[in-house]
1. If you check R100 against the conditions, is it over 11 Å from the mean Cα position of the chain (by Cα), closer than 30 Å to T144 by Cβ and either assigned to a helix (DSSP H, G or I) or not hydroxyl-bearing (S, T, Y) (or both)?
2. Using the structure shown, decide if G59 is part of a helix (DSSP H, G or I), within 14 Å of A39 (Cβ to Cβ) and not hydrophobic (A, V, I, L, M, F, W, C).
3. So which residues in segment 47-63 are open to solvent by 20 Å² or more (accessible area, probe 1.4 Å) and either among the small types (G, A, S) or touching a Pro at 6+ places or on another chain (Cβ under 6 Å) (or both)?
4. When you scan segment 26-46, how many residues do you find that are part of a helix (DSSP H, G or I), surrounded by 18 or more Cβ atoms within 10 Å (Cβ to Cβ) and not aromatic (F, W, Y)?
5. Would you please list the contacts, defined by Cβ atoms under 8 Å and residues six or more apart or on different chains, that run from a residue in segment 90-113 that is of a type in the set (D, E) to a residue that is in a helix (DSSP H, G or I) and open to solvent by 70 Å² or more (accessible area, probe 1.4 Å)?
Amino acid sequence: MYKAFIVALLVGSLVQVLLPVRTIRKYMGGDKFSNSFWAMLMGVPTMMCTCCTAPVAVGLKRSKASTRSVVSFFLANPLLNPATLIFMGFVLGWNYTIFRLIMGIIVVLLVSWFISKVAKEKMVNVPDNKMFDPIEYDDKSLFTRWLEASR
């Protein structure tokens, strides 16, 4: 279990370095249906459990993703995990798998919509310290930026 968490920490810091902040703001920075849809699609191929998704969600939040998008990404990982769906199809049958896929999509989008309606602020305010500053692109190498994000 700890190995997966270490990989998630590395992936979370890489999200902050590899994806430009302006791209995350464009696709996941707003409070629209399309933002939660893009975040859900981003969560499907990462195939992580919830404990391993948390560091990546923090990385998205540091890159100024909206609360709605972060919730969509966080829920899409375990609910729409392709490996779990395929395994479930072989063990329980494809009817259950299709049901879980459809209900997973509905749950992800409805919960993120509900969070956007209930949340007082659309963007979560994080403490005013260097740790939560978004990592902007500059002339440093990818490895140097990644080491800075991993701190």
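The values are calculated or read from the model by the stated rules, or taken from the named source; none is laboratory data. Just so we're clear, the structure is a prediction, and the values are computed from it rather than from any experiment. Reconstructed Cβ throughout: ideal geometry from the backbone, glycine too, with neighbour counts over all protein chains shown. Surface accessibility is based on the protein's heavy atoms, side chains included, excluding ligands, DNA and RNA. Shrake-Rupley method; radii C 1.70, N 1.55, O 1.52, S 1.80 Å.
1. Spelling it out, it is not the case that R100 is over 11 Å from the mean Cα position of the chain (by Cα), closer than 30 Å to T144 by Cβ and either assigned to a helix (DSSP H, G or I) or not hydroxyl-bearing (S, T, Y) (or both).
2. When the stated conditions are applied, G59 passes them.
3. Correct list: C49, T50, A54, R62.
4. Here the count works out to 7.
5. So the pair list comes out empty.
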